[in-house]
Amino acid sequence: MQPTERQLQIVRQQIGREPRGIEAIAAQTPSGVPLVLQMRSLIDDKPFPTLYWLSSKDLSVEISRVEMTGWIKRFEEELQEDAELRDTYMAQQKHYMERRWELMRPEDRQRIETLGFTKMFNEVGIGGIANWDKVRCLHMNYAYHLVEPNVVGQRLDQEFQMNELAPEF
């Protein structure tokens, strides 16, 4: 959904600057506060492989706390030990990449090809990660989860009750 002027004002406050490259509000609170922004893949001829951007300050603060606990490293170790979890995670990385292509503007797709970024967009997953055995940025993984549920987000909900937060900003 296209952001309203009110939502754009909120996003400016959330991220502390003028937003660039917003395609849509991908997830929001019941009162319309943006939680996740769907982003363009090319901004000023520069690649931006992050499809979903977590704009909520409230969620960002909580996820930063989780990142400081070393949870990412533990989850990455679990990915190496649990083949089913790893397969699911890899499939979700691939789906994210495919979804980015599906939602991309045709003119951006053409320009990406012209500028030689196609290979990169065919290789990077959530948050622009190329090594899919790793987890890059819980914020981006959780943003994706709020739009399309995934294993990282599900675990954050289970272990840290992220889904029970009532973000206001």
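Identify, from the list R105, R100, R111, the residue that is in contact with a strand residue (DSSP E or B) (Cβ under 6 Å, 6 or more places away or on another chain), of a type in the set (K, R), touching a residue at least 40 places away in the same chain (Cβ under 8 Å) and at negative phi.
R111
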Candidates M90, M39, filtered to the one that is surrounded by 12 or more Cβ atoms within 10 Å (Cβ to Cβ), over 15 Å from L146 (Cα atoms) and modelled with pLDDT of 95 or more: M90
Extreme residue, farthest from Y52 (Cα to Cα), among residues of the range 63-113 that are part of a helix (DSSP H, G or I) and among the hydroxyl-bearing types (S, T, Y): T88
Options I22, I63: the member that is under 27 Å from K119 (Cα atoms), among the β-branched types (V, I, T) and either surrounded by 13 or more Cβ atoms within 10 Å (Cβ to Cβ) or in contact with a His (Cβ under 7 Å, 6 or more places away or on another chain) (or both): I22
Test: residue in the range 150-169 that is surrounded by 19 or more Cβ atoms within 10 Å (Cβ to Cβ), closer than 26 Å to P47 by Cβ and touching a His at 6+ places or on another chain (Cβ under 7 Å): yes
Tabulated pairs, the range 80-96, first within 14 Å of R155 (Cβ to Cβ), second of a type in the set (D, E, K, R) and in a helix (DSSP H, G or I), C-beta under 8 angstrom, 6+ apart or interchain: L85/E78
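Table: residues versus (1) of a type in the set (D, E, K, R); (2) over 20 Å from C137 (Cα atoms).
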site	(1), (2)
Q13	no, yes
L37	no, no
L51	no, no
D58	yes, no
V61	no, no
S64	no, no
F75	no, no
L79	no, no
Pair list, Cβ under 7 Å, 6 or more apart: the range 40-56 residue under 16 Å from A24 (Cβ atoms), other residue surrounded by 18 or more Cβ atoms within 10 Å (Cβ to Cβ) and of a type in the set (G, A, S): F48/S41; T50/G127; Y52/A26; Y52/A143; W53/A143; L54/S60; L54/A143
Residue among V147, V135 that alone is at pLDDT below 95 and among the hydrophobic types (A, V, I, L, M, F, W, C): V135
Qualifying position, being within 25 Å of I25 (Cα to Cα) and either surrounded by 14 or more Cβ atoms within 10 Å (Cβ to Cβ) or at pLDDT 95 or above (or both), among E84, E107: E107
Leading residue by the ranking (farthest from R20 (Cα to Cα)) among those in the range 39-62 that are aromatic (F, W, Y) and in a strand (DSSP E or B): Y52
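Of all residues in the range 115-169, count the ones that are of a type in the set (F, W, Y) and more than 21 Å from W71 (Cα to Cα). Break it down into steps so the answer makes sense when it comes.
First, the residues of the range 115-169 that are of a type in the set (F, W, Y): 117, 121, 132, 142, 144, 160, 169.
Subsequent filtering for residues that are more than 21 Å from W71 (Cα to Cα) retains 117, 121, 169.
Of the residues in that region, 3 qualify.
The values are calculated or read from the model by the stated rules, or taken from the named source; none is laboratory data. For clarity, every value in this text was computed on a predicted model and none was experimentally measured. Don't worry about glycine lacking a Cβ; one is built from the backbone with ideal geometry, like all the others, and counts go over all protein chains shown.
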